[in-house]
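One structure is given here, and the rest of the page talks about it.
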Amino acid sequence: MTPFALFVIIVGLGLIGWLTARTRALAQAATSPVRPNSLPGQHGSYVALWTVLPALAFLALWSAISPSLITASALADPAAGVLPATGYERDMILNEARSLASGSAYGAFFTQSEALAPAFAAAMAKFRWIGAIVALLLAFAGGAFAYTRVSPSLRARTRVERGVMLILLVASLIAILTTLGIFLSLVFESVRFFRIVPVTDFLFGTHWSPQIISAKDPGASLGAVPLFWGTFFIGAVIAMIVAIPFGLMSAIYLTQYAQPGFRRWMKPALEMLAGVPTVVYGYFAALTVGPAIRQVAVALGMPYASSESALSAGLVMGVMIIPFVSSMADDSIAAVPTSMRDGSLAMGATTNETIRKVLLPAALPGVVAGILLAVSRAIGETMIVVMAASGAATITLNPFESATTVTKQIVDLLTGEAEFDSPKTLAAFALGLTLFAITFLLNVVALNVVKKYREAYE
Amino acid sequence: MNSSALVAGVPAQGAEPARRAPTDWRTDAMQRRIRRRYAAERRFRLMGLAAVVLSGAFLAFLLVTMMASGLRGFQRTEVTLSLDFQSMALPVTPAQLAGPGADLALAGAELQDKVSGAAENAFGPGGSAYIADTAWLAVRDAIKADPAILKTRAAIPVPASTGIDLAARGEGKPADEAVVARLAGLKLISTGFNWPFFTRADATDPGAVGIWGALKGSLMTMLVTLLLAFPVGVLSAVYLEEYAPKNRWTDLIEVSINNLAAVPSIIFGLLGLAVFLGTFGLPRSAPIVGGMTLALMIMPVIVIAGRNAIKAVPPSIRDAALGIGASRIQVVFHHVLPLALPGILTGTIIGMARALGETAPLLMIGMRAFIASPPEGFSDPATVLPVQIFLWSDEVGRGFVEKTSAAILVLLAVLLAMNALAIYLRNKFETRW
């Protein structure tokens, strides 16, 4: 039975439970001497919840634990004797046998996996049936239990509402679970990485060439400093040199000077810059901006300039960030009390003196927080650097030279058929953890600055 | 700020401050100073205008560049090929052509070779290089549409090869340009709208590629994303805004949601790779995994938009419902949610637009394979539109540049439509209480 069919059956049972319980409650209400506590529909919902919730909760749990049970059961089969004892090949064979058995693969690369596939298919069928039967039993048992309790005195409404509250709580817990999932999966894989490569080599090494990793000293070619530098240089220096003046001046012009009609058209137009998918920016940077910058560099006397320069990626990324900076600046300038602005103008200051000496200093915490968030977005940005920056890890101050970033390296390391155990793949998770930690810190600091600042004027 | 700071500089004991003569604004020094200040004002204002205009100009430049090369991707050149089916004598029966095995029968009849042969006959030696490798598919479709032509001669327009296609637009090699001029003289070449671009999937020949495979993959992925993120997002927004007690747990939920909204998207790809593929063993490249990954990514967007919409519903409505005996669940589901729905929908559309344009997390879960047929189910290998753009951008052929830009135009059109819908909804249903 497919999971979808099972889901439909369980929901159908819930519907039947709802109808029968409602009918029963109606019948009881007609003959009951006392006024029933809840409406018939609430009795119906009570039974439906009892039918559906335990069964679905079990299915969710079962889909999480059954893959490992299936593997264990298939390994107990005599056909598993052909497997190599450990290592990467064993995992490959197991994966292939699994996909053969589930019908998602068309052919086998390993002969052993063909031998193992029937065992997998049998185990899958067995555990799928066990799951289906237990889920259906739970649905029937829950429904029957609730149905027998339907009576005029049952406080069905209170109980249903408690159930709904439970569902709401579970929905909001998903955010915590996702954060936890991100954190644990990154930490788990990174710990495996740091068992092979010392943390100090990774964090302070200055040589990055993951294509050739020597088995003796894997840390020697996995020093991430050039990546950190490239990320900082492209995302926090070049992109911000573009984004901060443009974003800030746009916000100032649109809030303080612009005619309402101009503002009504230009603000959404600038916001469109943020809505363009990053893959489009990346394509634009690689196809148009990169070669143009290379020509400029050649004209400036750098004959070996790369068209995958740090400048082209950073420039385009900066443009992408403009609306982000400008809307944050817009918000924080708007939050400065009008009385301060009016006071300054009344003293005879010109508008730009008011902006520079009164509004901006007052709005500074908000602007700084906006810039921090923009930096965090820039260093996490992937597609522009994947398409426009080069893979060569160099530490340079020359924007016409090529540089690479953490996100670009994560993509390079994880695309292509990489095994899950090599330092190369695991390095991507270590880079991911670093990126997560840095952006997390930036976000926390920025959010706290915003919070503090907002309180100051309200 | 204490009061002494406010009056700093003023003598504390009632001593008379030194009197200053009134400023004479008409002196030259003063006039110069005022002129300087006004000039600074104009400069500042111009700088602001320049910043806005330059940012807008960049957007315009981007759009124009994409249009300039993308609009050509929507065109294709066709060469009219005359075929003498009688002399070809294809070994197929009318019964075979009527049945479902028509494609197989025609492929078995070596139609491809015969079509190239016909091109050599029609255009002279080397003529088979004028038509695309996939030209025989057009002939096949023509035969399937009307098997009667097998007994006659027919002139069928077939797609031109990439070289001829480029030459027809004046960008090809001189040799190809000469061929085009010759064919044009015979009125055998025409340029039209590239409908197959919207019905085909990926291919190795830029003349034969289409976006339908990627578009269908995108639609399926978006469906999974919507079905997961919308209910979860709305329910958690309801919980946080209406019921959550103010304690350490709900603070933790809030902090998690705010931080998730700012986590780089590629990190969600790593999560999908490690958890959905690694731990749960779900299939690679499948819309269901892509949809789950993107759902986690846009759920915070929906929660934040939902909370703002719920917050905007005035308390008087809740109080009125509670006053006539509704329970708190009834208040929320019968009154607050319907009123907040337009705001929630606007946020959801914006979140979905973001998910639709997202590439990086999908690369992590393997959605970058070459997939030449549209996905049939949610666990089939698939690709999505942004990833298709990324894959084509790596292709070196001149023909792919146009196709990439054309696909970008389609993606931008869909995104613009979604954003316009969001703005329309916001304006239409915006309520001032």
Set of aspartates and glutamates near A:K126 by C-alpha distance (under 16 Å), chain-local residues within fewer than 8 positions excluded: A:D77
Under 20 Å from the Cα of A:K267 - lysines, other chains or at least 8 residues apart: B:K428
Set of aspartates and glutamates with alpha-carbon distance to A:K357 below 20 Å, sequence-local pairs under 8 removed: A:D330, A:D331, A:D342, B:E41
Helical mean residue ellipticity (222 nm; -39500 (n - 2.57) per DSSP H run of 4+; nearest 500) of chain A: -24500 deg cm²/dmol
Over chain B: helical MRE at 222 nm, DSSP H runs n ≥ 4 each giving -39500 (n - 2.57), nearest 500: -19000 deg cm²/dmol
Cα lying deepest toward the dipole's positive end in the protein assembly as shown, options A:L53, B:L137, B:T93, charges on Cβ: A:L53
Residues A:R90 and A:N448, FRET efficiency given R0 of 35 Å [Cβ-Cβ distance, rounded to 0.05]: 0.10
Residue-normalised accessible area of the protein assembly as shown, given per residue in Å² at a 1.4 Å probe: 48 Å²
Around B:G56: net Lys/Arg minus Asp/Glu count, Cβ-Cβ under 15 Å: +2
Pair B:R36, A:H207: separation of 7 Å Cα→Cβ label points (nm): 5.9 nm
Chains A and B, summed buried accessible surface - 1.4 Å probe, Å², nearest 100: 6600 Å²
Simple Cβ-charge dipole of the protein assembly as shown, Lys/Arg +1 and Asp/Glu -1, about Cα centre, in debye nearest 20: 3380 debye
Linear extension gain, A:Q295 paired with A:A334, 0.36 nm per residue minus alpha-carbon span: 9.8 nm
Quarter of Cα convex hull surface for the range A:111-186, i.e. mean projection, nm²: 8.7 nm²
Lys, Arg +1 and Asp, Glu -1 on Cβ, resulting dipole of the range A:107-170 about Cα centre, debye, nearest 20: 480 debye
Accessible area of A:H207 in the full protein assembly, 1.4 Å probe (Å², nearest 10): 100 Å²
Shape category assigned to the range B:28-111 from the gyration tensor of Cα positions, a/c cut at 1.5: prolate
Distance in nm between pseudo-label sites at A:R263 and B:T80 (7 Å out along the Cβ direction from Cα): 6.1 nm
Delta accessible area of at least 30 Å² on complex formation, residues of the range A:125-171, 1.4 Å probe, chain isolated as reference: A:R157, A:E161, A:V164, A:M165, A:L168, A:L169, A:A171
Peptides A:187-198, B:39-50 ordered by average Cβ neighbours within 10 Å, highest first: A:187-198, B:39-50
0 to 90° range, to nearest 10: angle between helix B:174-185 axis and chain B longest Cα axis: 70 degrees
Residue-wise HN-Hα coupling along the range B:344-355, computed from phi with Karplus coefficients 6.51, -1.76, 1.60 (Hz; x: Gly, Pro): 5, 5, 4, x, 5, 5, 5, x, 5, 4, 5, 5
Taking chain A and dividing mean pair separation by its residue count, relative contact order in percent (alpha carbons under 8 Å, at least six apart): 16 percent
Choice from B:F58, B:F123, B:F85 showing the highest fluctuation, given a GNM over chain B with Cα pairs closer than 10 Å: B:F58
Sites B:K144 and A:M302, calculated FRET efficiency, Cβ-Cβ separation with R0 45 Å, nearest 0.05: 0.15
Relative contact order [Cα under 8 Å, 6+ residues apart], chain B, whole percent: 18 percent
Accessible surface ranking that places the most exposed of A:M249, B:M67 first, with a 1.4 angstrom probe: B:M67, A:M249
Cut-off under 5 Å, modelled amide H: who pairs with B:Q75 long-range: B:N194
Contact order normalised by residue count of the range A:282-435, Cα under 8 Å, 6+ apart, percent: 28 percent
Cα-based shape type of the protein assembly as shown, given that a ≥ b ≥ c are square roots of the gyration tensor eigenvalues and the cut on a/c is 1.5: oblate
Average other protein chain Cβ within 10 Å of Cβ, residues B:56-67: 4
Accessible surface of B:K114 - all protein chains present, 1.4 Å probe, nearest 10 Å²: 60 Å²
Cα→Cβ-extended label distance, 7 Å offset, between A:R35 and A:W129, nm: 5.5 nm
Accessible-area composition of the protein assembly as shown, carbon plus sulfur, in percent [1.4 Å probe]: 65 percent
Too-long pairs where the Cα-Cα distance tops 19 Å, listed order kept, from B:K246/B:K311; B:K114/B:K144; B:K114/B:K173; A:K451/B:K246; B:K187/B:K403; B:K114/B:K151: B:K114/B:K173; B:K187/B:K403
Calculated FRET value between B:K187 and A:F188, using beta carbons and R₀ = 56 Å, to 0.05: 0.25
Lys/Arg +1, Asp/Glu -1 at C-beta; the range B:65-144 dipole; positive extreme among B:L71, B:S128, B:L104: B:L71
Accessible heavy-atom area order of B:L273, B:L71, highest first, probe of 1.4 Å: B:L71, B:L273
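The values are calculated or read from the model by the stated rules, or taken from the named source; none is laboratory data. The model shown is predicted, which means the values in this text are computed figures rather than measured ones. Every residue, glycine as well, gets a Cβ built from its backbone with ideal geometry; the counts of neighbours run over all protein chains shown. Keep in mind that these areas ignore ligands, DNA and RNA; they rest on the heavy atoms of the full protein, side chains included. Shrake-Rupley method; radii C 1.70, N 1.55, O 1.52, S 1.80 Å.
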